[in-house]
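Every number in this text was worked out from the coordinates using simple rules, so none of it is lab data. The structure displayed is predicted, hence computed values, not measured ones. Glycine gets a Cβ as well: all are built from the backbone with ideal geometry, and neighbour counts include every protein chain shown.
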Amino acid sequence: MPSRGVVNVVFAGLGGQGVIKASDVLADAAFRAGHDVKKAEIHGMSQRGGSVTSDVRFGPEVHSPMIPDGDADFLVVLAPSQVENNLHQLREGGVLFPPDLVPDASLRNKRSLNVALLCALSTHLSIAEEHWRAALEGALPVRLLPVNLEAFEAGRAAERTRASGKGRHAAP
């Protein structure tokens, strides 16, 4: 977690990929952990598969929901085409969570990639697992919980592999 107190996370992807849902879960988990939370969304042409971004900021006191370019501590990207488009948002030393971090084979349902990448992110944040699970339970229908909890664990495993230097991406 950044030393300055406020954590800046940008989610990016295409309409229908769960960008907004992932940012909602993070905001809820951070709020449950006692943080001040602000959130902003840019939907663009989301209904047509266009670019979507969502900023989540949390910490002891947050004054604005928008993250200035180059200030994101973490960038979570759900679509390969959106990685390059959004790298300018990541600060030097920030951590990128690209869509290929979690292997497709580790997901029972590819639509749960947003939750898997959210879990990879969770390993870098000081938010208790109970808050993450409660936020997921609050955001998803009961019938989708099992597959998303599996995706949550797949994301954790993928980030552990990356951190050990054995994954497809360099350790943060």
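Sort 28-40, 126-138 for me by packing, meaning the mean count of neighbouring Cβ atoms within 10 Å per residue, highest on top. Could you put the intermediate results ahead of the total?
Details: 28-40: 19.2, 126-138: 16.2.
The densest-packed peptide leads the list: 28-40, 126-138.
Helical runs (DSSP H, four residues minimum) scored at -39500 (n - 2.57) apiece and divided by the length of the chain put the mean residue ellipticity at 222 nm at -10500 deg cm²/dmol. Ranked by the mean number of other Cβ atoms within 10 Å per residue, highest first, peptides 150-159, 9-18 order as 9-18, 150-159.
Going from the residue with the fewest nearby Cβ atoms within 10 Å to the one with the most, 101, 117 rank 101, 117.
Beta bridges from DSSP with both residues in segment 7-163: antiparallel share about 65 percent, rounded to the nearest 5.
If Lys and Arg each add +1 and Asp and Glu each add -1, what is the summed charge of the other residues whose beta carbon sits under 9 Å from the beta carbon of residue 54? Summing Lys and Arg as +1 and Asp and Glu as -1 gives -2.
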